[in-house]
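**Student:** One structure, pasted below without further comment.
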Amino acid sequence: MSKVTFLELAQALGEEVPEKDEAQEWVADISSEIDYMIPFPCVAQDIQKWILETSYKQQPALSFAAALNVLSVIQGRTIQCQGIKGNIMMLCLAESGEGKDWPMKASRKLLESVGMDDCVHGQMASGAALVDALVDSPSMMLSLDEVGHYFAGINNKNANQYSREIMPIITEVYTSGSDSYSEKKRKGQDARKIQEPNLSMMGMSTERQIMDALKSSEVADGSLARFMVLFGQNNVLINRKRHSDTNVPDSIKNRLELIKKPYLLSSHKIALSEQYNEAKQDMEDRFNYKAIEIGMSGGDKAMFKPFFTRLAVRSVQMALLIDNCYSLDVLKWCESLSEKSCDVFIKKFCHLAADNDNERFVKLIERSIKESGKNGITKEKFYDKTRSVESGMKKRILSDLIDSNKIFMEERKVGESRKVSTLYFWKK
């Protein structure tokens, strides 16, 4: 992959950007200015506030994702706006220990309160398992912790056939939300058909983990563009005023029961006002022009075209779940939030892509050993954390680091195990 800088990308988009040292730009928390707090009275706002009030560390972006994923499971399959459904897919990025756990648990508690906890699933081991889950629950959510490792595993060239099926099925199911998904025929069984499948996703990861797991091909083919990437805050203070009672309030539970429509055979279409439809079309035109502009810019910059192409759909999805595409103010807010989040992701990805592959892999390997601290990292854990690096290249980089006296190896027993393990240590 050739080098691409944020400055080049910004110039292609017609933006003026002050020149900065790339390392400083990467370290800067350029996502901190995005306000993910829903400013409109609605059930999504009530859910977000409840999650924050009961959080050990308050993360507006993560609570926003949880609120919309809950609403997606409950009503995403039953309503549509001109063919757009509420099957929203989100990647939430925050550092370890910054409060990613509770929004995931809270979303399950919310769905459990209305009898839909069986619609939440974790990691799938195969494409067939994912289809099985959708057959049982055509409206469902994948709640994935450490999603960066998961994506790296199922997209790895050494992964088994059943694992490699997962991402293509997720992509096809997503695009089949307003129609139907037909499973490929397998030996010994008939192909199954799912009418209007509603698959949403909330994946949690650290920025580095997801960036290290990404490949430029996944960006270029548009697979990643189907996800909205949200950035949590870092160095968050403990919420000392948090509520100790984490039961779902009746006020929220009752409102979720009202929007639950389990007996509809097909989705009903939202009737848009003339002003809303015109604003929606203007937004679609604006993002389409932006996509065309970056697509014609050539080089690696063009691989971000699918992101801008899908911003209008993502904005409508959010508006659909927040207020059923009623208020123009809500649509404008969703449009702005979707665009800002996309811009920040592209900036951060560009800084990562500015390194060539070898430099990138060296940094990944060095970081994996450094972060293990004085206890070191076992060979097994090291290879798991660096699975995106080809085996031969990994051995060469390790050899170079040992020769340059940056790392050393030891053979010792770990914990209560009688087995001797190989550990890698970083020299201070």
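The values are calculated or read from the model by the stated rules, or taken from the named source; none is laboratory data. Bear in mind that the values here come from a model prediction, so they are computed numbers and not experimental data. Glycine gets a Cβ as well: all are built from the backbone with ideal geometry, and neighbour counts include every protein chain shown. SASA here: full protein model, heavy atoms, side chains in, ligands and nucleic acids out. Shrake-Rupley method; radii C 1.70, N 1.55, O 1.52, S 1.80 Å.
**Student:** Here's a check for you: in region 210-228, which residue that is at pLDDT 85 or above and out of contact with any Gly (no Cβ under 9 Å at 6 or more places or on another chain) is most open to solvent (accessible area, probe 1.4 Å)?
**Tutor:** R226
**Student:** Oh, and also: So V70 ticks every box in (1) more than 23 Å from the chain's Cα centre (by Cα); (2) surrounded by 15 or more Cβ atoms within 10 Å (Cβ to Cβ); (3) at pLDDT 95 or above; (4) under 30 Å from G177 (Cβ atoms) but one. Which box is left unticked?
**Tutor:** (1)
**Student:** Within region 402-428, can you find the residues that are outside any loop (DSSP other than H, G, I, E, B), open to solvent by 80 Å² or more (accessible area, probe 1.4 Å) and in contact with a helix residue (DSSP H, G or I) (Cβ under 8 Å, 6 or more places away or on another chain)?
**Tutor:** M409
**Student:** Look through F308, F304 and report the one residue that is more than 27 Å from P39 (Cα to Cα) and open to solvent by less than 10 Å² (accessible area, probe 1.4 Å).
**Tutor:** One residue alone meets the criteria, F304.
**Student:** Related question: Given (1) within 21 Å of the chain's Cα centre (by Cα); (2) not in a loop (DSSP other than H, G, I, E, B), where does Q80 come up short, assuming only one miss?
**Tutor:** Answer for Q80: the failing condition is (1).
**Student:** Here's something else I'd like to know. Given the structure, is R286 more than 28 Å from F307 (Cα to Cα) and not in a loop (DSSP other than H, G, I, E, B)?
**Tutor:** For R286, the condition - more than 28 Å from F307 (Cα to Cα) and not in a loop (DSSP other than H, G, I, E, B) - is not met.
**Student:** Among residues belonging to region 229-254 that are over 26 Å from the mean Cα position of the chain (by Cα) and among the polar types (S, T, N, Q), point out the one that is surrounded by the most Cβ atoms within 10 Å (Cβ to Cβ).
**Tutor:** For region 229-254, the residue satisfying everything is N254.
**Student:** Name the pairs: first residue in region 266-283 and under 14 Å from Q80 (Cβ atoms), second residue open to solvent by 30 Å² or more (accessible area, probe 1.4 Å) and not basic (K, R), Cβ to Cβ under 6 Å, at least 6 apart or on different chains?
**Tutor:** Filtered contacts from region 266-283: I270/N324.
**Student:** While we're on this one: When both residues are 6+ apart or on different chains and their Cβ atoms are under 7 Å apart, which pairs have a first residue that lies in region 314-333 and is open to solvent by 40 Å² or more (accessible area, probe 1.4 Å), and a second that is of a type in the set (S, T, Y)?
**Tutor:** L328/Y276
**Student:** S96 - would you say it is out of contact with any His (no Cβ under 9 Å at 6 or more places or on another chain), surrounded by fewer than 22 Cβ atoms within 10 Å (Cβ to Cβ) and in a loop (DSSP other than H, G, I, E, B)?
**Tutor:** Taking the combined requirement at face value, the residue satisfies it.
**Student:** Name the single residue that is farthest from D403 (Cα to Cα) among those in region 354-370 being of a type in the set (S, T, N, Q) and modelled with pLDDT under 70.
**Tutor:** Checking each candidate, the answer is N356.
**Student:** Something else: Pairs only if they're at least six apart or on different chains, beta carbon under 7 angstrom, first in region 335-351 and without any contact (Cβ under 8 Å) to a residue 40 or more places away in the chain, second polar (S, T, N, Q) and outside any helix (DSSP H, G or I); list them, first residue then second.
**Tutor:** none
**Student:** When you look at M116, is it under 19 Å from T246 (Cβ atoms) and in contact with a helix residue (DSSP H, G or I) (Cβ under 7 Å, 6 or more places away or on another chain), yes or no?
**Tutor:** Yes; evaluated as a whole, the condition is true for this residue.
**Student:** Does any residue of region 379-401 turn out to be touching a residue at least 40 places away in the same chain (Cβ under 8 Å), surrounded by fewer than 17 Cβ atoms within 10 Å (Cβ to Cβ) and over 26 Å from the mean Cα position of the chain (by Cα)?
**Tutor:** Taking every residue of region 379-401 in turn, at least one turns out to be touching a residue at least 40 places away in the same chain (Cβ under 8 Å), surrounded by fewer than 17 Cβ atoms within 10 Å (Cβ to Cβ) and over 26 Å from the mean Cα position of the chain (by Cα).
**Student:** Quick check on Y326: is it part of a loop (DSSP other than H, G, I, E, B), hydroxyl-bearing (S, T, Y) and within 22 Å of T78 (Cβ to Cβ)?
**Tutor:** So Y326 passes the test.
**Student:** Among what's in region 303-313 and is in contact (Cβ under 8 Å) with a residue 40 or more places away in the chain and part of a helix (DSSP H, G or I), pick the residue that is farthest from M283 (Cα to Cα).
**Tutor:** M303
**Student:** Restricting the search to region 369-378, which residues are closer than 21 Å to V420 by Cβ and surrounded by 14 or more Cβ atoms within 10 Å (Cβ to Cβ)?
**Tutor:** I369, S372, G376, I377, T378
**Student:** Also, I was wondering about something else. Could you list all residues from region 113-128 that are in contact (Cβ under 8 Å) with a residue 40 or more places away in the chain, not aliphatic (A, V, I, L, M) and not in a loop (DSSP other than H, G, I, E, B)?
**Tutor:** Hits for region 113-128 are S113, C119, G127.
**Student:** If you don't mind, another one. Just to verify a result, which residue in region 52-67, among those that are within 20 Å of the chain's Cα centre (by Cα) and open to solvent by less than 10 Å² (accessible area, probe 1.4 Å), is farthest from S139 (Cα to Cα)?
**Tutor:** Here the answer is Q59.
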